[in-house]
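Data block below; observations after.
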Amino acid sequence: MVFNSLGYLVFLPIVVAIYYLLPIRMRYIWLLVSSYYFYMCWSVKYAFLILFSTLVTYISALIIEKVQNFTSCYQRFPFAKISLVCGILLNLGVLIVYKYLNFMSETATKLSHILGANYDFPIYSLILPIGISFYTFQALGYLIDVYRGDIRAERNFFKYALFVSFFPQLVAGPIERSKNLMDQLTCSNQFDFCDASDGFLLMLWGYFMKVVIADRIAIFVDSVYGDIATYGGWFIICATVLFAFQIYCDFNGYSCIAIGTAKILGIRLMDNFNSPYLSCSISEFWDRWHISLSSWFRDYLYIPLGGNRKGRLREYVNKLIVFFVSGLWHGATWAFVMWGGIHGFFLVLGDILRPIKKRITCLLHLNTDSEGNRIIRTVFTFILTDFAWLFFRSQNTSTVKSCIQSIVSTHNIHILFDDSLFNIGLDRKNFTLMICSVFFLLIVDICKNKGICLRRYVLKQDYLVKGLVISISIAFILIFGIWGPGFEEKNFIYFQF
Amino acid sequence: MKKKISFISSSKYVIRTISIVVTIIFTVSILSFLTRLLERKESVIKNHDFFEEDQDLDILFLGTSHVINGIYPLELWNEYGYTSYNLGNHSTPIATSYWILLNALDYTNPKLVVLDCLGWQDNNKLPEEFAYAHKAFDCFPLSMNKVRAIKDLTEDQDISLSGELLWDFTSYHNRWNQLTADDFNIPYNYQRGAEWRVDVAVPVEYEIIPRNQLYEEETTGKLYVEKIIEECQKRDIDVLLTWLPYPPFRPSAQEAAHSMEQLAKEYGINSIDFFDMNVVNYDTDMYDESSHLNPSGALKVTNYIGEYIKKNYEIADHRTEDGYESWSADTNRYFEFKRDNIIYETDPVIYLMLINDDDFDVTITWNDYDCLDNPRYSSLFNNLGLNTKKTRNSKSAYISGKYLDRSATYLSNAAEEFDANYDLSVLVTDVKTGEQFDNIWFYYADGETPTITHIYK
């Protein structure tokens with residue numbers, strides 16, 4: 001079941017209605033059942049993987065806390081650490097098997113051929129369970145928090161199982177922290193009309209981003225990347241620029257629907273995006289993009305590696321490691337690793353060049369606070385991130401190479417001025433709608449950046465205006481959305497992670 | 001204080017409830033409007049007038065595109081005063097026709113249902129081209145019968161198909177970039193569901209098989225013919241089964257037509273198998289080589305059915321009754337349409353086919369008879385009711401004939417009446433008004449493309 005399916009639009013009202021009708025102590029059980037049902041609509045057998053991850057981390061956390069309560073210091077640490085390591089390895093083991101086994105086999109095969117051994121490592125037909133990267137990290141985050149003493153281990157297995165499998169954020173985040181989410185799952189949430197309205201509007205915004213913008217851009221981008229030999233040069237540049245918005249709208253769309261759904265249920269999830277394309281640097285970009293994942297890596301990988309506490313060089317190495325791992329988290333190909341590495345490189349380079357930039361700014365008396373300066377830095381940051389998106393979208397190194405070669409060697413800028421762009425899956429009207437929608441998205445993001453929340457502004461109006469805005473929004477999404485016969489329900493891009 | 005708080009919270013509750021209700025009303029209203037605006041209009045264009053009828057219709061015609069192109073309700077009104085509607089639908093299996101009928105019976109109670117049994121051999125319930133399922137049902141408002149129809153027709157199909165038919169917005173929402181003026185000013189078909197297909201094709205070869213050869217297989221098509229008969233008999237509606245004419249190059253079609261007649265006898269109802277009759281001339285009356293009738297063929301079939309109904313059923317002539325003004329008005333419009341088709345036609349073959357109509361008198365003045373050597377033109381003149389025979393010296397021909405009430409043609413060698421370069425002149429007169437509304441000069445020469453030149457009065 002995907003968010004942009006009829007099934008979900010039937011599923012959600014039923015879940016919400018029964019949730020609020022049930023006694024408070026039964027509600028989390030109902031959510032747990034609904035969450036497993038939600039996942040099992042995709043696959044029954046892979047729901048057992050979630051259960052496995054839940055059991056392992058639940059038991060590990062209990063052992064860790066039990067051991068940490070021992071008065072003897074000698075007895076405490078090895079067992080707790082062993083339990084932590086076992087929990088992490090077992091969970092990561094499952095993730096590695098399903099996600100990286102074939103990648104490792106292919107890499108080993110290539111290496112063996114390069115070294116002359118010519119051995120072909122076996123490739124297994126494994127289906128990647130959707131959301132495995134997300135719920136695994138969520139469970140590991142909880143385990144590490146218990147080990148650090150940041151939270152107490154949860155004794156109620158069903159409550160903990162719900163924390164791991166909570167359906168709005170199960171398959172594509174945000175990756176929640178136990179401190180934020182755990183207690184909300186069982187606290188007495190009365191139906192709050194304002195929260196529900198806000199959640200509903202947030203869901204509408206999410207659907208607009210996903211179904212109107214992301215899925216429309218996908219038609220163009222998939223056509224170009226599917227035939228690079230025909231659509232070279234500026235076609236690839238345009239497709240890559242649009243892909244930046246496709247992935248943003250796809251992922252943020254999902255997050256908005258997830259956060260909106262949770263809000264209707266009276267549960268607050270963390271924000272996952274904060275107008276990332278208005279960032280003035282790569283560092284700022286990662287403060288605004290996929291916030292739950294970047295903060296997870298910061299707290300559970302970067303800081304344990306030493307963070308910035310072990311000297312400049314170690315700091316840069318740690319950052320590079322984190323971004324390589326982040327790239328690998330996104331996909332099991334070298335293109336994703338390179339994508340992550342590029343971001344790590346940009347980040348480190350940015351840090352190295354910061355004093356030089358500061359000196360130049362001073363020398364030239366540039367005002368970094370001026371709007372013009374911000375715009376230039378924003379555009380430059382977008383160009384850097386978009387260059388990295390080329391690796392992400394290509395998904396394999398040979399496509400990356402072909403794309404870059406084509407961009408360098410094909411001179412066809414005229415396609416921006418004739419009708420060439422309107423013959424690649426989207427006619428003129430659809431292309432225009434796509435561009436207008438992206439502009440609207442940017443305007444909303446700019447407003448958000450300036451502290452203006454359009455959603456709250458709509459909710460403050462009287463019920464006639466509110467009703468009109470909501471009904472027009474629904475009609476807009478239904479008319480201009482990419483759905484229905486002839487269009488398959490497009491999965492969210494981040495499902496494959 | 002407690003009362004005040006209670007009042008405030010209950011009025012907040014009321015306002016929130018109103019807010020939700022208002023939002024739902026706005027959403028439903030906007031979506032209803034958009035559903036009508038964005039849907040493809042073919043179904044509404046064809047069947048709009050069906051829903052506008054105040055009185056019960058006398059006859060409903062059901063079947064495939066053979067019926068759409070083969071039976072003209074306004075001709076039946078003009079000649080016999082019967083009100084009817086052509087509910088034929090393209091590529092439609094009989095199961096779909098059954099449900100079209102059941103939905104139609106929510107709006108009218110006819111005396112007679114005429115079902116064309118093409119599709120007897122078919123085991124499909126839905127048209128192969130799903131767009132035709134839309135054309136069949138989009139015009140019908142949501143009702144229990146529509147839901148039952150969709151449930152029955154899509155039971156072995158993907159559930160999304162039933163969703164599409166129940167709320168066609170799911171199919172048409174992305175037509176926003178295809179809207180034209182016709183989506184706003186819908187050009188409704190005033191011809192009561194009939195559609196003209198204008199051309200003259202060369203028919204395929206076929207052989208007539210013995211009448212005792214039957215189509216033995218039990219099919220979904222046959223099952224739904226029985227359901228239609230039983231449903232009509234339950235409601236006291238007469239049923240007439242037909243097999244409209246086309247070159248029956250597949251023996252199975254003739255076998256099925258024979259089985260149709262047998263089934264009709266079993267149920268005690270009438271049937272007409274046009275295969276074995278010479279009602280139409282395939283050389284002149286086909287739009288395509290093996291399927292649909294052109295206007296000449298359709299007029300013959302419609303007139304035949306009209307006479308048959310007159311002899312075998314008691315259906316009143318409403319031409320002088322009050323309440324049928326729209327029928328007379330639309331028939332006049334239909335006559336204008338027929339005249340315009342003739343006036344603006346430039347293809348000689350089609351022209352000669354179109355003027356084969358009881359409503360028009362045709363006067364042909366001959367200068368040369370070379371065109372009679374061409375079998376196509378010869379058969380077209382025969383179709384007009386003329387016996388044509390060229391004499392051996394080829395300078396003259398024996399041409400005479402009368403077709404129903406049309407005046408006889410005139411033999412003439414007078415070249416002064418029209419340009420001597422032309423072979424013949426055709427004068428077309430409106431029988432009702434007496435107006436000579438079209439005159440053409442026909443040019444024919446071996447090796448050259450024949451032409452007609454319109455000389456208007």
Checklist entry - In degrees between 0 and 90, to the nearest 10, how far off the longest principal axis of chain B does helix B:295-312 point, with axes built from Cα atoms? => result 70
Next on the checklist: Just to check I understand the Karplus step: with θ = phi - 60° and J = 6.51 cos²θ - 1.76 cosθ + 1.60, what whole-Hz values come out for region A:112-124, glycine and proline as x?
Outcome noted: 5, 5, 5, 7, x, 6, 6, 9, 9, 6, x, 10, 10
Next on the checklist: Given a 1.4 angstrom probe, I'd like the percentage of the accessible area of region B:105-206 that is carbon and sulfur, rounded to a whole number.
Outcome noted: 50
Checklist entry - For region A:449-474, which residues drop by 50 square angstrom or more in accessible area between the chain on its own and all protein chains together (1.4 Å probe)? => result A:463, A:471
Checklist entry - In whole percent, how big is the carbon plus sulfur part of the accessible area of region B:240-328, probe 1.4 Å, protein atoms only? => result 42
Checklist entry - Summing -39500 (n - 2.57) over the DSSP H runs of n ≥ 4 in chain A and dividing by its residue number, what mean residue ellipticity at 222 nm do you reach, to the nearest 500 deg cm²/dmol? => result -22000 deg cm²/dmol
Next on the checklist: For the full complex of protein chains and a 1.4 angstrom probe, list B:207, B:39 by accessible area with the highest value first.
Outcome noted: B:207, B:39
Next on the checklist: So, for the protein assembly as shown, what is the accessible surface per residue at a probe of 1.4 Å, expressed in square angstrom?
Outcome noted: 46
Checklist entry - Karplus couplings for region B:434-442 from phi (6.51 cos²θ - 1.76 cosθ + 1.60, θ = phi - 60°), rounded to Hz, Gly and Pro as x? => result x, 6, 8, 9, 8, 9, 10, 10, 10
Checklist entry - Bin by bin, in steps of 10 Å, what percent of the Cα pairs in chain B do you find, going until the bin that has the longest distance? => result 4, 18, 25, 22, 15, 8, 3, 2, 1, 1, 0, 0
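Set the Förster distance to 60 Å, then compute FRET efficiency between residue A:303 and residue B:321 from the Cβ-Cβ distance, nearest 0.05.
With R0 = 60 Å, the Cβ-Cβ based efficiency is 0.05.
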Checklist outcome for this item: Counting all Cα-Cα pairs in region A:96-200, those more than 21 Å apart amount in percent to 56
Checklist outcome for this item: Yeah, region B:156-222 with a ≥ b ≥ c from its alpha-carbon gyration tensor (a/c under 1.5 is rounded, else prolate when a/b outruns b/c, oblate otherwise) is oblate
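Considering only the protein assembly as shown, what is the antiparallel percent among its DSSP beta bridges, to the nearest 5?
Antiparallel bridges make up about 60 percent of those DSSP assigns within the protein assembly as shown.
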Checklist outcome for this item: Yeah, chain A with a ≥ b ≥ c from its alpha-carbon gyration tensor (a/c under 1.5 is rounded, else prolate when a/b outruns b/c, oblate otherwise) is rounded
Checklist entry - What is the set of long-range amide H partners of residue B:286 at a cut-off below 5 Å, with H atoms built 1.01 Å from backbone N? => result B:201, B:294
Checklist entry - Largest first, what is the accessible-area ranking of A:446, B:272 with a 1.4 Å probe? => result A:446, B:272
Checklist entry - What FRET efficiency, computed as 1/(1 + (r/R0)^6) with R0 = 41 Å and r the Cβ-Cβ distance, is obtained for residue A:40 and residue B:223, rounded to the nearest 0.05? => result 0.55
Item to check | region A:365-400-region B:91-108 distance, computed between alpha-carbon centres (Å) | outcome: 61
Item to check | Kirkwood Rh and Cα Rg combined as Rg over Rh, evaluated for region B:198-239 | outcome: 1.20
Checklist entry - Total Lys pairs in region B:1-117 closer than 30 Å by alpha-carbon, pairs eight or more apart in sequence or interchain only? => result 5
Checklist outcome for this item: Among A:189, B:20, B:44, the residue whose Cα sits farthest towards the positive end of the charge dipole of the protein assembly as shown, when +1 is placed on the Cβ of each Lys and Arg and -1 on the Cβ of each Asp and Glu, is A:189
Checklist entry - What fraction, in whole percent, of alpha-carbon pairs in the protein assembly as shown exceed 51 Å separation? => result 43
Checklist outcome for this item: Sorting A:466, A:460 on solvent-accessible surface, 1.4 Å probe, most exposed first, gives A:460, A:466
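What pairs in A:99/A:319; A:263/A:466; A:159/A:210 have C-alpha atoms more than 28 Å from each other?
A:159/A:210
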Checklist entry - Could you state the number of Å between the C-alpha centres of region A:403-462 and region A:4-63? => result 37
Checklist entry - About its Cα centre, how strong a charge dipole does the protein assembly as shown have in debye, to the nearest 20, once Lys and Arg get +1 and Asp and Glu get -1 at the Cβ? => result 9160
Item to check | ³J(HN,Hα) computed for each position of region A:459-468 - Karplus, 6.51 cos²θ - 1.76 cosθ + 1.60, integer Hz, glycine/proline x | outcome: 5, 7, 6, 6, 5, 5, 5, 4, x, 5
Next on the checklist: Using the Cα centre of region A:243-387 as the reference point, and only Cβ charges (+1 on K/R, -1 on D/E), how large is the resulting charge dipole? Debye, rounded to the nearest 20.
Outcome noted: 540
Checklist entry - Over all pairs of distinct alpha carbons, what does the Kirkwood formula give as the hydrodynamic radius of region A:362-497, in Å? => result 19.7
Checklist outcome for this item: Per residue of B:170-180, other chain Cβ atoms within 10 Å number on average 4
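Based on the mean of other Cβ atoms within 10 Å per residue, sort peptides B:223-234, B:65-76, B:281-292, A:97-108 so the most packed one is first.
B:65-76, B:281-292, B:223-234, A:97-108
Which order, highest average first, do A:368-380, B:424-436, B:78-90 follow once you tally other Cβ atoms within 10 Å for each residue and take the mean per peptide?
Those peptides, ordered most packed to least, come out B:78-90, B:424-436, A:368-380.
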Checklist outcome for this item: Expressed as a percent, the accessible surface of chain A that is carbon or sulfur, using a 1.4 Å probe and the full set of protein chains, is 67
Checklist outcome for this item: Projected convex hull area of region A:222-371, Cα atoms, direction-averaged, in nm², equals 12.7
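About its Cα centre, how strong a charge dipole does chain A have in debye, to the nearest 20, once Lys and Arg get +1 and Asp and Glu get -1 at the Cβ?
1420
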Checklist outcome for this item: Dividing the helical contributions, -39500 (n - 2.57) per DSSP H run of n ≥ 4, by the residues of chain B yields a 222 nm value, nearest 500 deg cm²/dmol, of -13000 deg cm²/dmol
Checklist entry - Chains A and B: what accessible area do they bury, summed, in square angstrom to the nearest 100, with a 1.4 Å probe? => result 2000
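The values are calculated or read from the model by the stated rules, or taken from the named source; none is laboratory data. Only a predicted model underlies this, so the values are computations on that prediction, with no experimental measurement involved. As a convention, Cβ positions derive from the backbone with ideal geometry for all residues, glycine included, and neighbour counts pool all protein chains shown. Please note that ligands, DNA and RNA were not included when accessible areas were found on the heavy atoms of the full protein model with its side chains. Shrake-Rupley method; radii C 1.70, N 1.55, O 1.52, S 1.80 Å.
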